Amino acid sequence: MQLYQSKKVLFLIRTYNDLDHIAPVIWKMASSGFRVRYFLTSREFFEDYRIETIEKSGARQLESMRISRYYKGLRSRIESKALRRLSDWFISLTIGFWFLKRHDIGCVIVEWAGANGREMAPFFLRAARVLRLPTISIPHGYHTWLNNNFNTTTRETIEKTGKLPQFADRNHFSEYIVQSENIKRYCIVSGTREEKIRVLGSARFARNGLD
């Protein structure tokens, strides 16, 4: 997949820890001439040195008051889960769609998660797929385990189903970046198609990352 520098790249940042592995990627892309934008999907990071660094490299923050007001206010008042899902899709296909078009977004990059991400990320990822824009998931820190039975969730799932937790929904991403061949193997066994996966390591521990 090729990224065109004429379009903007939108990074969705959710938590404080996500900045550790996303900020170096943003810094590198912005420093290389890409038109980089970022959106904070959960909380603000005031005076964070990583935000200051990516801003200096050319990255710029985007905001959507309409999506923020809906997510933080109106959405919690919708008691029916079915109606809430319908409302979420409506916001994605109207405001999210318009947001990506207005800001000339050509690609959306997000932390490791399900196909729609977390917090406010779904409003942009769903819209991006409708627009047939590339969506990319990039990993957290480097995994050192080799045994599949490495945490409680995985162990319980194996005991109940005889299989690893299934991540077939990750196939909705254009590309799913992993840290190592071991994680690639794990993802394939978990239902992610091999052609979707690329082994690129973790920017959190890259030698040329943010100091």
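The values are calculated or read from the model by the stated rules, or taken from the named source; none is laboratory data. Every value quoted in this text rests on a predicted model; they were computed, and no experiment measured them. Cβ sites come from the backbone with ideal geometry, for glycine too, and all protein chains shown count toward neighbours.
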Task: The listed residue being among the polar types (S, T, N, Q), assigned to a loop (DSSP other than H, G, I, E, B) and at pLDDT 75 or above, out of N148, N116, N171 - done: N116
- [ ] Hey, can you tell me all the residues within the stretch 168-187 that are of a type in the set (A, V, I, L, M, F, W, C) and touching a Pro at 6+ places or on another chain (Cβ under 8 Å)?
- [x] I177, V178, I183
- [ ] Please give the helices (runs of 4 or more DSSP H) falling wholly within the stretch 1-104 in which 1 or more residues are of a type in the set (S, T, Y), in contact with a helix residue (DSSP H, G or I) (Cβ under 6 Å, 6 or more places away or on another chain) and surrounded by 13 or more Cβ atoms within 10 Å (Cβ to Cβ).
- [x] 18-31, 49-57
- [ ] Six or more apart or on different chains, Cβ under 6 Å: which pairs go from a residue in the stretch 32-61 that's among the aromatic types (F, W, Y) to one that's buried (at least 16 other Cβ atoms within 10 Å of the Cβ)? Could you list them?
- [x] F34/V9; Y38/F11; Y38/I13; Y38/A59; F39/L12; F39/L62; F45/I51
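This table checks each residue for (1) of a type in the set (S, T, N, Q); (2) surrounded by 13 or more Cβ atoms within 10 Å (Cβ to Cβ).
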site: P134; (1), (2): no, yes
site: H140; (1), (2): no, yes
site: W145; (1), (2): no, no
site: T154; (1), (2): yes, yes
site: E159; (1), (2): no, no
site: L164; (1), (2): no, yes
Task: Residue among K81, K101, K28, K56 that alone is under 26 Å from V199 (Cα atoms) and among the charged types (D, E, K, R) - done: K28
